[in-house]
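First up is the structure itself, then whatever we jot down about it.
The values are calculated or read from the model by the stated rules, or taken from the named source; none is laboratory data. These numbers come from a predicted model, not from an experiment. Cβ sites come from the backbone with ideal geometry, for glycine too, and all protein chains shown count toward neighbours. Ligands, DNA and RNA are excluded from the accessible area calculation, which covers all protein heavy atoms including side chains. Shrake-Rupley method; radii C 1.70, N 1.55, O 1.52, S 1.80 Å.
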Amino acid sequence: MDRKRYLHKSHILPFIVMASLGPKVLTLPRDVSCYAGNDSWLSVILGGTAVLILTWMIYWIMMNYPELNLSQIFEASFGRFFGKLTMVLFGLFNVFALGMSLRIFADNISLYLLDKTPDTVIKGLLVLLCIYALLKGIGTITTTLNILFPATLIFLFILLLLPWNKAESGNLLPVLHEGILPVVKGSHHVINALSTFFFIGYITPYIRDLKGGGLWGAAAIGLLIFIYLWIVLMCILVFGAAETTRLLYPTITLSKSIQLRAQLFERAESLMMTVWIVNTFAVTLIASFVAVENMKALFGTEKKRMMIYVQMTAVYLLAHIPRNIAVQQRIFRYVDIATLGVVMLIPAIAGITLLKKRKKSKSSPE
């Protein structure tokens, strides 16, 4: 495919960080605490370390195929039939996950911020903004992310620092009181939260020079580990592990616990929801871009306009079901399982790519 390679490798940082600040920002403390309790922060470190290794691995793959995106490498590694099948399954999974994420976004915005605005309008506006950016291309997308990235981090860190006066260090003790196994079990939620690291495989074909870009990928994962570690720590320090497991959205509850006289923070959850709007737009935009790149590889074409319209219409329709919170949580458990499956594909691709490269180097005349 003919692509304009005009991005710098530093674009990897906002691309991956913003892509990973999705629904897990609201639910990760609860999900991990159900397994690891007050040792949840260790699960974040363990799961983050695993993702860091996988990030280096996937960047090594992209260095070997600088002209291809990850979906095209699926086909190169597994053959035409299984490669196309993988693209179809990944495309369906991505669109479905986007629809469910948009559903949760609309419910929370309607509940905490825009209670008078119909959720159909909220979802529709977000989808239309994503369509506009997707039609403009990767240049507009990365420019938008570069603008949103610092503002999002600043407000997020402010919100996470303010409840510090309510933290109780005793909530972290005793460390490893049930051994290492619960920590390992909890780490799979962290891997799910950081699973968008493989989106690197869809931006690298647009980067001029990939040499040294692995450091930017590692920096992105390192920053995400710090963010999620801080979120989990604050929830446990303020609420305790047992209470955190009972909260539907611990991060929002954490922002509601802020009590300052300043009028700006009278309803800190509103500020959290404002940050959440920016995060969700960025996540939806990046994941939609990846889905379009996957479809372009599937059909072997650069014409994307119709793909964008069909895809975003499907996302919008999926976002209207289901409305039941319990059903949503059940569906997201299935999505988590599927995400782990996608993540496990990457070592397989790495191994096949390495074997093919070695076989090719041995067969080539010296």
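Just checking, does region 273-295 include any residue being over 20 Å from SER20 (Cα atoms) and either modelled with pLDDT of 85 or more or out of contact with any helix residue (DSSP H, G or I) (no Cβ under 6 Å at 6 or more places or on another chain) (or both)? Within region 273-295, one or more residues are over 20 Å from SER20 (Cα atoms) and either modelled with pLDDT of 85 or more or out of contact with any helix residue (DSSP H, G or I) (no Cβ under 6 Å at 6 or more places or on another chain) (or both).
If I ask for residues that are assigned to a helix (DSSP H, G or I) and either of a type outside the set (Gly, Ala, Ser) or open to solvent by 10 Å² or more (accessible area, probe 1.4 Å) (or both), which ones from region 196-216 would you list?
Filtering region 196-216 down to residues assigned to a helix (DSSP H, G or I) leaves 196-206, 213-216.
THR196, PHE197, PHE198, PHE199, ILE200, TYR202, ILE203, THR204, PRO205, TYR206, LEU215, TRP216, listed by residue number.
Do we find that PRO66 is assigned to a loop (DSSP other than H, G, I, E, B) and either at pLDDT 90 or above or open to solvent by 30 Å² or more (accessible area, probe 1.4 Å) (or both) in this structure? It is true that PRO66 is assigned to a loop (DSSP other than H, G, I, E, B) and either at pLDDT 90 or above or open to solvent by 30 Å² or more (accessible area, probe 1.4 Å) (or both). Checked across region 315-324, the condition of being in a helix (DSSP H, G or I), open to solvent by less than 50 Å² (accessible area, probe 1.4 Å), at pLDDT 75 or above and out of contact with any Asp or Glu (no Cβ under 9 Å at 6 or more places or on another chain) holds for at least one residue. Taking the conditions exactly as written (in contact (Cβ under 8 Å) with a residue 24 or more places away in the chain and touching an Asp or Glu at 6+ places or on another chain (Cβ under 6 Å)), does ALA106 satisfy them or not? Here the answer is yes, as ALA106 does meet what is asked. Is there any pair linking a residue in region 229-248 that is open to solvent by less than 30 Å² (accessible area, probe 1.4 Å) to one that is assigned to a helix (DSSP H, G or I) and among the aromatic types (Phe, Trp, Tyr), with Cβ under 8 Å and at least six apart or on different chains, and which? If the second residue must be assigned to a helix (DSSP H, G or I) and among the aromatic types (Phe, Trp, Tyr), the pairs left are VAL232/TRP41; MET234/TRP164; ILE236/TRP41; LEU247/PHE239.
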